[in-house]
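Notes follow the structure.
The values are calculated or read from the model by the stated rules, or taken from the named source; none is laboratory data. Since the model is a prediction, treat every value here as computed from it, not as a measurement. Because the Cβ atoms are built from the backbone with ideal geometry, glycine has one as well, and the counts that use them run over all protein chains shown. SASA here: full protein model, heavy atoms, side chains in, ligands and nucleic acids out. Shrake-Rupley method; radii C 1.70, N 1.55, O 1.52, S 1.80 Å.
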Amino acid sequence: PQIALVGQTPQNEQASSLGVFLKRDELINGYPSYTKAGDDNAMLWHVGGYWYVGSAADLGQRHGWVSLVDGCLRPEASTVAWQVYNGAEWLDAPELRCLAGRPSSSRRIWDRREGRWLDADDFDVFENELGT
């Protein structure tokens, strides 16, 4: 399973921390944990009522670059605004969303611009479980 943290951040702060995160087998503090696809140094974990995106060296601790104050079991289930750290303070990032990945189907997708069919298996599909 995978999730995607996407959207705009204030002044583009911590934008490089966003992306697709792959669920790990290991629970951290009793919650799922994730590794950023293509960057084993960036991880997502839960600790003490917060979700954090931060360095693998800080896994399970109360620091990171992006955070969500919510005790929800899965970050994609939250309705609370994410925050980003600019080096001095936490800034609200209301446009950030955590989306749940779902398996692609065997369907094909029509690309209007290219005028051809694309195989859905070539894409990762994410959806907002909250409908927003």
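With respect to the numbered conditions (1) buried (at least 16 other Cβ atoms within 10 Å of the Cβ); (2) modelled with pLDDT of 95 or more; (3) touching an Asp or Glu at 6+ places or on another chain (Cβ under 6 Å); (4) not hydroxyl-bearing (Ser, Thr, Tyr), which one is the sole condition not fulfilled by residue 51?
(3)
From the set of residues in the stretch 1-48 that are in contact with a Leu (Cβ under 7 Å, 6 or more places away or on another chain), among the hydrophobic types (A, V, I, L, M, F, W, C) and within 13 Å of residue 60 (Cβ to Cβ), which is surrounded by the fewest Cβ atoms within 10 Å (Cβ to Cβ)?
Here the answer is 28.
Anything in the stretch 76-94 that is touching a residue at least 60 places away in the same chain (Cβ under 8 Å) and under 23 Å from residue 11 (Cα atoms)? List them, or say none.
82, 84, 85, 86, 91, 92, 93 - these are the residues of the stretch 76-94 that are touching a residue at least 60 places away in the same chain (Cβ under 8 Å) and under 23 Å from residue 11 (Cα atoms).
Under 9 Å by Cβ, and 6 or more places apart or on different chains, what pairs join a residue from the stretch 15-41 that is in contact (Cβ under 8 Å) with a residue 40 or more places away in the chain with one that is polar (S, T, N, Q) and open to solvent by less than 30 Å² (accessible area, probe 1.4 Å)?
If the second residue must be polar (S, T, N, Q) and open to solvent by less than 30 Å² (accessible area, probe 1.4 Å), the pairs left are 17/9; 18/9.
Could you please let me know if residue 65 is at pLDDT 95 or above, open to solvent by 70 Å² or more (accessible area, probe 1.4 Å) and either closer than 16 Å to residue 8 by Cα or polar (S, T, N, Q) (or both)?
The answer is yes for residue 65.
Kindly establish whether residue 74 is more than 16 Å from residue 53 (Cα to Cα), open to solvent by 50 Å² or more (accessible area, probe 1.4 Å) and at pLDDT 75 or above.
no
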